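These notes concern the structure reproduced below.
The values are calculated or read from the model by the stated rules, or taken from the named source; none is laboratory data. Not measured: the values here are computed from a predicted model. Every residue, glycine as well, gets a Cβ built from its backbone with ideal geometry; the counts of neighbours run over all protein chains shown.
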């Protein structure tokens with residue numbers, strides 16, 4: 001009999017909701033003022049899906065910047081988007 005093995009919720013194989021490996025040592029507040037946020041972080045903070053975020057990007061409400069293969073959002077742009085003031089982000 002074949003048995004499927006799945007990783008438990010606390011397993012290191014599961015990815016955390018908010019990865020901080022690229023911004024270790026900086027608080028979310030600091031990164032919203034001066035740093036960068038990932039697509040996943042913005043989606044979690046705003047409570048929306050990735051496709052909704054990409055639709056907002058197509059509509060011009062938020063802008064991404066490529067850093068290698070990753071798409072990141074400048075902190076002040078993310079803060080304005082999260083507050084609902086996407087016009088102030090530019």
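Region 39-90 holds helices (runs of 4 or more DSSP H) entirely within its bounds, and those carrying 2 or more residues that are over 20 Å from residue 27 (Cβ atoms) map to 50-58. If the condition is being touching a strand residue (DSSP E or B) at 6+ places or on another chain (Cβ under 8 Å) and over 17 Å from residue 85 (Cα atoms), then region 38-60 contributes 38, 39.
Taking first residues from region 63-78 that are at positive phi and in contact (Cβ under 8 Å) with a residue 40 or more places away in the chain and partners that are exposed (fewer than 15 other Cβ atoms within 10 Å of the Cβ) and in a strand (DSSP E or B), no Cβ contact under 8 Å between residues at least 6 apart in sequence or on separate chains turns up. Selection of region 61-76 for residues being surrounded by 14 or more Cβ atoms within 10 Å (Cβ to Cβ) and out of contact with any strand residue (DSSP E or B) (no Cβ under 9 Å at 6 or more places or on another chain) yields 61, 76. Would you call residue 28 modelled with pLDDT under 95, surrounded by 13 or more Cβ atoms within 10 Å (Cβ to Cβ) and out of contact with any strand residue (DSSP E or B) (no Cβ under 6 Å at 6 or more places or on another chain)? Spelling it out, residue 28 is indeed modelled with pLDDT under 95, surrounded by 13 or more Cβ atoms within 10 Å (Cβ to Cβ) and out of contact with any strand residue (DSSP E or B) (no Cβ under 6 Å at 6 or more places or on another chain).
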